[in-house]
1. Testing B:VAL77 on (1) part of a helix (DSSP H, G or I); (2) open to solvent by 30 Å² or more (accessible area, probe 1.4 Å), one condition comes back false. Which one is that?
2. Identify the residue in region A:159-192 that is touching an Asp or Glu at 6+ places or on another chain (Cβ under 9 Å) and open to solvent by 10 Å² or more (accessible area, probe 1.4 Å) and, among all such residues, is nearest to A:ARG137 (Cα to Cα).
3. Among (1) modelled with pLDDT under 90; (2) of a type outside the set (S, T, N, Q); (3) within 18 Å of the chain's Cα centre (by Cα), there is one condition B:GLY123 misses while meeting the rest; what is its number?
4. Scan region A:209-235 residue by residue and report those that are within 13 Å of chain B (Cβ to nearest Cβ) and in a helix (DSSP H, G or I).
5. Can you tell me which residue among B:SER91, B:SER115 is over 35 Å from the mean Cα position of the chain (by Cα) and of a type in the set (S, T, N, Q)?
6. Would you check if there is a residue in region B:155-164 being within 14 Å of chain A (Cβ to nearest Cβ), among the hydrophobic types (A, V, I, L, M, F, W, C), in contact with a helix residue (DSSP H, G or I) (Cβ under 8 Å, 6 or more places away or on another chain) and farther than 30 Å from B:MET64 by Cβ?
7. Could you tell me how many of the residues in region B:86-131 are small (Gly, Ala, Ser), surrounded by fewer than 16 Cβ atoms within 10 Å (Cβ to Cβ) and within 7 Å of another protein chain (Cβ to nearest Cβ)?
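The values are calculated or read from the model by the stated rules, or taken from the named source; none is laboratory data. Note that the structure is a prediction, hence the values are computed from the model and not measured. Heads up, the Cβs are rebuilt from the backbone with ideal geometry, glycines too, and the neighbour counts pull from every protein chain shown. Heavy atoms of the whole protein, side chains included, go into the accessibility calculation; ligands, DNA and RNA do not. Shrake-Rupley method; radii C 1.70, N 1.55, O 1.52, S 1.80 Å.
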Amino acid sequence: MTEAAAVRPSPPLWRRLLGFNVLTGVVLGIGGWYVGWFGAHAVVGPSLDYFGDIDYNELSVYLAYLGGVIGFLVGMGFLNYPLARLRGYPPSLREKEEAGWTRYFSLCTDHKVVGIQYLWGIGLFFFIGGLNAMLIRTELLSPHRQVFPAGTYLTLVGMHGTMMMGMMTSGILGPFANYLVPIMIGARRMAFPRIEALTFWLLMAAGAILTTSIFFGGFPTGWTGYAPLANQANPGLDNYVLFFALVGVSMGLLGLNMIATILTMRAPGLTWTRLPIFVWGVLSTAVLMVLAAPVLIATLGMVALDRTAQTSFFLPAAGGSNYLYQNLFWMFGHPEVYVLALPGFAIVLEILPVFARKPLWGYRLAVAGLLGVSLLSWFVWQHHLFVSGINGDLRPFYMLSTELISIPTGFTFLCGMMTLWRGQIRFTVPMLFCLAWFFNFLVGGLSGVFLSDVSSDVTTHGSFFSMAHFHYTIMGGLVFTFFAAIYYWVPKMTGWQLNERLGRIHFWTMFLFFNSTFAPLFAIGFLGQPRRVVTYPSGLQFLNDWVSISAFCLGISMLVFLFNLVWSLAFVRRPAPANPWASRSIEFQLPSPVPVHNFDRIPVFSGDPYGYGEGPVPSLVPAGSPAGRD
Amino acid sequence: MAADPAAAPRQPTDSTNHGLRVVVAWLILSAIATPLVAIYVGPLIPPGNASVQAQGQVFTNQVMVSLLTPVLCLMAVFFGYGLLRFRVRRSEAVLDGPPLRNDPRVQILWIVITSAMVLFLAGFGTYELLKDGSGGGQGPNPIALPAGHKSAFQVQVIGQQWQFTYRYPSLGGMESNQLVLPANTLVALHVTSLDVVHSFWAIELGAKADANPGVDNVAYVETKGPTVFHVRCAELCGLWHGYMFNNGRVVDSAQFSSWSAQEQRIFASIKHYVNRDAPFAHIYLPDPARRAG
């Protein structure tokens, strides 16, 4: 099936810009913002001049951004379908599923378009977050406050952390699960295509809200937003609250959509033991998303009430409890870090068999590992609070549960290692990133042992040691596999090859400078530098400067990637073959890029996609098989 | 899946016992590396030996690096051998490896070994924690009590934006912005806060306890000989968090008496401003924490 859809004469550009698209969305969003802003001022306060003088009206910030989000969604056209149904029009499934670049800037229900939208959207905020990290390291070149005012520095720290933790929750599920899960399970769409589009545009609105917090004084709390510091913070913290709540909505809907799709839309023959391991990883992550997001949204709702309606859920001075905030936040927060890490496990296990030319070893054990991590991640959150004085007598339990989680993680290691064993290993760029995952996650996991043990956690807690640990697990675990997935699947998604030599340069510089950046931070933490400080003892300057310079080089390696992406996709445009990696996975049996409706006939599965060395790839639609449902 | 051996790409035959090679190399490397790490690297890990709790942490770290060294060795040997031995150059044709899908013996061995390590670590960590509390904050009702905790020297640590104040209930409620502790004494640190969450971290003493408003968070630390240590706030507490640090001292008993006598003289003149009846935190809140508008 080609993209030669019915060709109608195209209206002029100005006419096409009018309509439900991102431009209209932004215009209506700005309009809605001002409606909320002035509305709240008019309702709450004596006068605009009064709030102008005190520079302080949180309700107006909340209502302004809520109005902005609603205006944006209306402008994108999210209300059209519900309103049409209310007016009695018949149900329809698809929107904007035709060729043309404009569908990338509008509500499109094609899961492949949403995947590519996610890739660029999340990539944009990933680079903004990375730029924040560069600025943080610039400040830390000197042991004294040098470049930024203290408040600006804290805002940079908070923006970096929140941007990365918030936007990257969908870092792999957004682009790759949206794109690949329907194809891998032999479906033509997700279960809820409009909700799929909604999750992406909500995330973009959330990113804009967080970025504009600098116009409201930023926020001093880091990504954790601990009360009662959050209660005394600038209105910029309201942006943080709205950002994370919207991320929670987007995350929960994305997870629900994934679960519904995987449970109900598998093609004939695709039994649970034939499911690609990536789909299992998506499923276990989606369960975490669906269960963790409501906790986050409720917690932030209470913060918003504390800040606007003078409630005191988290204010100890007025009968609340800051422990409650810490408990709720980490009850969301620890599953959240596995939302970041689990898709990485799945991508490694998905890509290794292709380049080791062997079946995935221990399929059931790998699935048990993913589900085991998903389950155990609910029972560990108070290890973030070992020295906080909360539940001192439960610390041995949380120590045990935290260390138990390394058993299912070990399953992933064993399955990956045994898949490599006696294989025909080819060091392609995606394979290099997957192999680096083993090293990074090993260092992250072993350093995690020091944080899981109360005795050694007393020193390492809240220090640069823990910061190095979670960068090894999340950057080393998520971002490396994110790039593995990009090098592996972007040729399939776009139909153009990426430059392999630049890819190798990107990998080796990134791997080298990633380690050179974060390994010394273990020592810095042990030697007494807490997180998020703007000053440090001058004796630690050499190590800090080393880290900063390595971090700048790490930033440059990201520019190599960006150059590769733009150069290969916009200028060189070398067409990718249908199956550049000789993979047996179903998406590589389809043309590159995948046609609009994926399959001419719904495929019938007769095995898992890992049968390397077990004969030729079976035909997607065996002769005489019954046609699958749409 | 329809097996069609004739159409399958040829698999290279290989009868070498790679597994045995890796295991032997791993055992040799571990046997050499583990004692070296335990003896030479372990003791170098901070926080040092300025207190009994810090020494306990160093011992814990020593045990853990010794246990983790064989894991690291296994990974190094496996990946070093595997990636070199089984690599295929880009120019070579794409062949499939042997279709090995499972080996229950390997799985069971792996599960048993990782479970044993995890259970040992958890048991050992619990033992080390319950022995003397490891210097960590334990909340108002500590369960990990070091010997002689009833007669411990009491010091209240009061965090506020952006400094710590130290209060000595046994010295007439005297307050100081310097933490001075007597040598060879078990100290009970009662950490609290007046406004937001701070974290009291006496780096070289290996003590850390979050300062929560309205909460008495107790941490035990037993000092050794005279020394100087650094105190930092380890929980983000607002604008000047990065400047919330100080030095503390452990001094011998004669010096401590003279220091406390001097501080009490200074304190006497302002004592009537600081009306404090109860020894510890809960009533210490001056006002509801107001937002800095």
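1. (2)
2. A:MET165
3. With respect to (1) modelled with pLDDT under 90; (2) of a type outside the set (S, T, N, Q); (3) within 18 Å of the chain's Cα centre (by Cα), B:GLY123 is out only on (1).
4. If the condition is that a residue be within 13 Å of chain B (Cβ to nearest Cβ) and in a helix (DSSP H, G or I), then A:LEU229, A:ALA230, A:ASN231, A:GLN232 are the ones that fit.
5. On the way: B:SER115 fails: over 35 Å from the mean Cα position of the chain (by Cα).
B:SER91 is the lone residue from the list that is over 35 Å from the mean Cα position of the chain (by Cα) and of a type in the set (S, T, N, Q).
6. yes
7. Start the filter on region B:86-131 by keeping residues that are small (Gly, Ala, Ser), which leaves B:91, B:93, B:97, B:115-116, B:122-123, B:125.
Those still in the list that are surrounded by fewer than 16 Cβ atoms within 10 Å (Cβ to Cβ) too: B:91, B:93, B:115-116, B:123.
The next check asks that each one be within 7 Å of another protein chain (Cβ to nearest Cβ); those that pass are B:115.
Residues meeting the conditions: 1.
One line per residue, one yes/no per condition, for (1) hydroxyl-bearing (Ser, Thr, Tyr); (2) open to solvent by 10 Å² or more (accessible area, probe 1.4 Å):
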residue	(1), (2)
A:ARG395	no, no
A:TYR398	yes, yes
A:MET417	no, no
A:ILE425	no, no
A:PHE438	no, no
A:GLY444	no, no
A:VAL449	no, yes
A:SER452	yes, no
